[in-house]
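One structure is given here, and the rest of the page talks about it.
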Amino acid sequence: MNIYGIRAIYYFEMARTMRTLMQSIVSPVLSTSLYFIVFGTAIGSRMGTIDGVGYGAFIIPGLVMLALLSQSISNASFGIFFPKFSGTIYEVLSAPVSPLEIVLGYVGAAATKSVVLGILILITARVFVDYSIEHPVWMMAFLILTSITFSLFGFIIGIWADDFQKLQVIPLMVITPLTFLGGAFYSISMLPEPWQTLTLFNPVVYLISGFRWAFYGVADVNIAVSLGMTMVFLLTCMAAIWWIFRTGYRIRT
């Protein structure tokens, strides 16, 4: 394995983050802080508990997931789209690096940025809301697994997109609504039928539920099911990327 090639791509993407620090890190943390102020402090103090957890603390896993999913997709999609846009993708493809090493470099950098962002948001949340983490190891596992999975998904979007507008279609029109409807601000057990059953077809439900279980030991879906669904999505993304490099879809033409 060409470690130097992976490192070169990884360092290049991380350096780009440092050049756009306000957009990549500061802006998502500040925007999420507004949710903590409004829902956690202002509204949460006037609401009861959900599954024995204060409302302000209850929404923390959902808000972290909201930022994590959007930023993982954004970082990975732009990282691979820009070389396509500028034409430097052919230099990457002709370099002595395999498709696996290319994916490790781009996706590894995007996932790293997302994990750092998630940790910063959790630190920021402590300023506004008191919360606990019952299973810190599982919390980090879900954080890392989700970051990798949606960075892979973002990599696919970056390959698929042929203009800058398409980079925003999936995150804004699909992922964000699914996150809001996936239990970020409520427990799906609060919904009447048939909406409660229909919500289970939302894949983001399993991510938020598993992540919330790591914090408070409560979940809308069994933790094993949440982990299994996340792994299914991860493997699906890996299979799609394998097919992209196997066929050269939108990267060699």
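Coordinate-derived values only; no laboratory data. Predicted model only: the values in this text are computed from it and were never measured. With ideal geometry, Cβ positions are generated from the backbone for all residues, glycine too; neighbour counts draw on all protein chains shown.
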Inset, instruction - Give just the number: which of (1) over 25 Å from Met47 (Cβ atoms); (2) among the hydrophobic types (A, V, I, L, M, F, W, C); (3) loosely packed, with under 14 Cβ neighbours inside 10 Å does Met190 not satisfy? - result: (1)
Inset, instruction - Inspect the stretch 91-114 for any residue being among the polar types (S, T, N, Q) and surrounded by fewer than 16 Cβ atoms within 10 Å (Cβ to Cβ) and give the result as yes or no. - result: yes
Legend entry - One residue from Ile157, Ile102 being among the β-branched types (Val, Ile, Thr), within 18 Å of the chain's Cα centre (by Cα) and part of a helix (DSSP H, G or I): Ile157
Inset, instruction - Tell me which of these Gly52 doesn't satisfy, since it passes every other one: (1) surrounded by fewer than 15 Cβ atoms within 10 Å (Cβ to Cβ); (2) without any contact (Cβ under 8 Å) to a residue 24 or more places away in the chain; (3) of a type outside the set (A, V, I, L, M). - result: (2)
Legend entry - Matching residues in the stretch 1-21 - criterion: being over 21 Å from the mean Cα position of the chain (by Cα) and outside any helix (DSSP H, G or I): Met1, Asn2
